[in-house]
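Structure record follows, encoded as structure tokens.
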Amino acid sequence: MVESVQDAAGALTMKLQGVDGPEEARAFMGYEIKVPRTEAAPLGKDEFYAGDLSGCALMKDGEKLAVVKSVIEGPACSYLEAELPGGELRLVPFMNEYVGAVDLASRLVELKVAWILE
């Protein structure tokens, strides 16, 4: 159970019940924290959760080129794992140079450059 949460210069730190020192905390390194959608932070305008991109079509000039299978967190940016019509997988950096508008209502993600899927 979470006892407390603090914002330390943009990084959240939390105190877990029964974990009272760094040695005990190391046992939790690499774990992911999952929060039910009903308790997740509210989204602002034009914000979305990465998981909501799964299943969206990657579109370029009105043509569906791939489908987003998942979002992978990388060291420099997130990547869209894109599945091509033949089943091949490609990684698309989720950066302004490659990805444009996201329309979750229509389940569409604009791809700015098609060559990234080659």
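Each reported figure results from applying straightforward, stated rules to the coordinates on display, with no laboratory input. Bear in mind that the values here come from a model prediction, so they are computed numbers and not experimental data. Cβ: placed from backbone, ideal geometry, glycine included. Neighbour counts: every protein chain shown.
Sequence-ordered 3J(HN,Hα) estimates for segment 8-18 from the Karplus curve with 6.51, -1.76 and 1.60 and θ = phi - 60° stand at 10, 6, x, 10, 7, 10, 9, 9, 9, 4, x Hz, glycine and proline given as x. Taking θ as phi - 60° and the Karplus parameters 6.51, -1.76 and 1.60, the scalar couplings of segment 97-112 work out to 5, 10, 10, x, 5, 10, 10, 5, 4, 9, 6, 10, 10, 6, 9, 7 Hz in sequence order, x denoting glycine and proline. Under a model in which nothing but the beta-carbon of Lys, Arg (+1) and Asp, Glu (-1) is charged, segment 50-117 shows a dipole of about 60 debye around its Cα centre. By the count of neighbouring beta-carbon atoms within 10 Å, fewest first, ILE72, ILE116, ILE33 end up ordered ILE33, ILE72, ILE116.
Selection among MET29, ALA66, VAL99 by position relative to the dipole of the chain gives ALA66 as farthest towards the positive end (Cβ unit charges, Cα centre). Using Cβ point charges alone (K and R +1, D and E -1), the dipole size of the chain about the Cα centre works out to roughly 220 debye. Subtracting the Cα-Cα distance of LEU12 and ALA40 from their residue separation scaled by 0.36 nm leaves 8.6 nm. For a straight C-alpha distance cut-off of 18 angstrom, the aspartates and glutamates reachable from LYS15 (same-chain residues fewer than eight places away being disregarded) are GLU3, ASP7, GLU23, GLU24, GLU32.
Taking amide H atoms as placed 1.01 Å from N in the peptide plane, the amide H of SER78 lies under 5 Å from those of PHE94, each 5 or more residues away in sequence or on another chain. Peptide packing for 59-70, 82-93 was compared via the average number of neighbouring C-beta atoms within 10 Å per residue; ordered from the highest value, the list is 59-70, 82-93.
When only alpha carbons of the chain are considered, Rg and Dmax amount to 18.1, 55 Å. Computed from backbone phi with θ = phi - 60° and the Karplus coefficients 6.51, -1.76 and 1.60, the 3J(HN,Hα) list for segment 69-81 is 8, 6, 10, 10, 7, x, x, 9, 6, 8, 10, 8, 7 Hz; x is used for glycine and proline. Between ALA66 and LEU58, the built amide H atoms are under 5 Å apart, and every one of these is 5 or more places off in sequence or on another chain.
Rounded to the nearest 500, what is the 222 nm mean residue ellipticity of the chain from helices alone, with -39500 (n - 2.57) per DSSP H run of 4+ residues and division by all residues?
Working: 1 runs with 5 residues, N = 118.
Calculated at 222 nm, the ellipticity per residue is -1000 deg cm²/dmol.
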